[in-house]
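Here the structure is laid out as structure tokens; the discussion comes afterwards.
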Amino acid sequence: MRQVLLGLVTLLTAVGCVRGPSIDHAYRAKSQDSRAQFLILHFTGGTWDESLKILTEGPVSSHYLVQDKPVRVFQLVDEGQRAYHAGQSSWKGQTQLNAASIGIEIQNLGDTQGPNGIEYHEYPKEQIDTVIALVKDIVARHAIRPDRVLGHSDIAPMRKVDPGPTFPWKRLADEGLIVWPDAAKVEAARKGYEAALPDVAWFQAKLLAHGFAPPQDGQLDPVTRRILSVFQMKHRPARYDGTPDAETAAILEVLTAPPAQAPELRPTQPAASRVTSPAVDRRS
């Protein structure tokens, strides 16, 4: 009986027979911002047909899906709605990021087994150009900070590796969209760490300060190695074996050195290089 009554109320509300109270919108609170505090980038790990089916019919979803050939942007979930793309996740103490993030799935085969082991597929330039334009549009509208534009591997390092080592994070950094370490400072710090590499406890503390949630026990266990690996995959994709080394230490030092000021978004670009917002197909 209760379900029948609820269904009747829903039906009457839909046809306008049940109305809420009159609401006056004359006043606005100063203390507010967007519910979207994070932007998370993924690869789909499948073909176009597989990716579209999973993201529209399966238990996972994303706000946007960027096709590779031809390059098109599809909006699958309204930005005001929660999409199920982050899963069990955390960053700098904030957890369950589905409720506070916008997800972009990039159609890419991801990691596949090749003759020499796991291989990661490249992203077409036109697709990345479109992703960057989409990221610019979203962060501008929601005022998402550069230190909160992340990969799935950042927020769920034990489960995920996407968008993987072939994703050009440096291009996003050059556009002022993400936090990135200064190369000269990294090189200067690296020389010192080659002479005296910090212990594992130091690496764990720096990974925690950066945003991850590693153990803080001084042991180079599988969890710590995995987190180091996904960190290296993003910032030093030439080698991501999870081994503490001088270059990784230098990158962590520069990224966590106070004050960790997030870069300003570039207000404009010269007309010749300006990236416009991509056309979005809102069919679901």
Here the stretch 71-77 yields Karplus 3J(HN,Hα) values (6.51, -1.76, 1.60; θ = phi - 60°; whole Hz; Gly and Pro given as x) of 6, 9, 10, 10, 9, 9, 9
In whole Hz, the Karplus estimates of ³J(HN,Hα) for the stretch 131-140 (6.51, -1.76, 1.60; θ = phi - 60°; x where Gly or Pro) are 4, 4, 4, 5, 4, 4, 5, 5, 5, 5
Given backbone amide H placed at 1.01 Å from N, residues whose amide H is under 5 Å from that of residue 151, ignoring those fewer than 5 places away on the same chain, are 41
Shape descriptor, the chain: equivalent ellipsoid semi-axes (Cα gyration tensor, sqrt 5λ, whole Å, largest first) stand at 37, 22, 21
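Among DSSP beta bridges whose residues both lie in the chain, state the antiparallel percentage, nearest 5.
40 percent
Mean separation of Cα pairs under 8 Å and 6+ residues apart, divided by the residue count of the chain: what relative contact order is that in percent?
Computed over the chain, the figure is 20 percent.
What does the highest-first list of 187-197, 142-152, 120-130 look like by mean Cβ count within 10 Å?
Values: 187-197: 13.5, 142-152: 20.3, 120-130: 16.4.
Ranking the peptides 187-197, 142-152, 120-130 by packing returns 142-152, 120-130, 187-197.
Against the 2.2 N^0.38 Å scaling, with N counting residues, where does the stretch 38-179 land? I'd like the Cα-based Rg ratio to two decimal places. Please report the intermediate quantities before stating the final value.
On the way: Rg = 14.1 Å, N = 142, 2.2 N^0.38 = 14.5 Å.
The stretch 38-179 yields a ratio of 0.98.
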Rounded to the nearest 10 degrees, the helix 246-256 long axis (Cα) sits at an angle to the longest Cα principal axis of the chain of 50 degrees
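A short reminder: the numbers here are calculations on the coordinates, not readings from a lab. Nothing here was measured: the structure is a model prediction, and the numbers come from that model. Glycine gets a Cβ as well: all are built from the backbone with ideal geometry, and neighbour counts include every protein chain shown.
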